[in-house]
1. Being closer than 17 Å to Val3 by Cα, touching a strand residue (DSSP E or B) at 6+ places or on another chain (Cβ under 6 Å) and not hydrophobic (A, V, I, L, M, F, W, C) is the requirement here; does Ser88 meet it?
2. Quickly run through segment 7-25 and pick out the residues that are crowded, with 16+ Cβ neighbours inside 10 Å, of a type outside the set (Gly, Ala, Ser) and out of contact with any helix residue (DSSP H, G or I) (no Cβ under 6 Å at 6 or more places or on another chain).
3. Considering only residues of segment 27-56 that are surrounded by fewer than 15 Cβ atoms within 10 Å (Cβ to Cβ) and touching a residue at least 40 places away in the same chain (Cβ under 8 Å), which is nearest to Asp81 (Cα to Cα)?
4. Just the residues that are part of a helix (DSSP H, G or I), under 12 Å from the mean Cα position of the chain (by Cα) and within 18 Å of Phe11 (Cβ to Cβ), please, taken from segment 51-101.
Amino acid sequence: MSVITITKDNFKQEVLESGKPVLLDFWAAWCGPCRMVAPIVEEIGEERTDIRVGKVNVDEQPELAGEFGVMSIPTLVVMKDGKEAARSVGAQPKEDILSML
C-alpha cells in the first residue's frame, strides 16, 4: 500500500476510522532528519499491508501538529483504534520503527 498524505480534512476517515494501525510521519521539507527517515517510511508503506502509513506536513497542517504536541520533527506516531499507541522523535533506523508497530 502506498503512503497517504494526511490533512485535517481526511484525518478522521484515514486515521481514526482506519481498521488497521496507522504509522504517522510528522515532517517538513526543510528538515534534514525527515529526509533521512522518508525513504524508510515509504519502504514500510510498500512492504506492510497490515498497516497504513500517512505523512503529515507540519508546515501545511499546523493544527494536526499542535493536536499531537509535535515539538520536534521527524516525529513518528503509531495510532491503534483511534488512540496513540507509540511515539518516537528524531531519525530512527527501520528496525526501531518496525518495533513500534
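No lab work stands behind these numbers, since they all come straight from the coordinates. As the structure is a computational prediction, the values presented were derived from the model and not from experiment. No Cβ is skipped: glycine too gets one built from the backbone with ideal geometry, and neighbour counts run over all protein chains shown.
1. On the way: closer than 17 Å to Val3 by Cα: no; touching a strand residue (DSSP E or B) at 6+ places or on another chain (Cβ under 6 Å): yes; not hydrophobic (A, V, I, L, M, F, W, C): yes.
No; evaluated as a whole, the condition is false for this residue.
2. Of everything in segment 7-25, those that are crowded, with 16+ Cβ neighbours inside 10 Å, of a type outside the set (Gly, Ala, Ser) and out of contact with any helix residue (DSSP H, G or I) (no Cβ under 6 Å at 6 or more places or on another chain) turn out to be Phe11, Glu14, Val15, Pro21, Leu23, Leu24.
3. Residues of segment 27-56 that are surrounded by fewer than 15 Cβ atoms within 10 Å (Cβ to Cβ), as a first pass: 29-30, 32, 35-36, 39, 43, 46-47, 49-50.
Those left that are additionally touching a residue at least 40 places away in the same chain (Cβ under 8 Å): 36, 43, 46, 49.
Values: Met36: 28, Glu43: 23, Glu46: 22, Thr49: 17 Å.
Only one residue tops the list, namely Thr49.
4. Pass one, segment 51-101, residues part of a helix (DSSP H, G or I): 62-67, 94-100.
Among the residues that remain, those that are also under 12 Å from the mean Cα position of the chain (by Cα) are: 64-65, 97, 100.
Those that are part of a helix (DSSP H, G or I), under 12 Å from the mean Cα position of the chain (by Cα) and within 18 Å of Phe11 (Cβ to Cβ): Leu64, Ala65.
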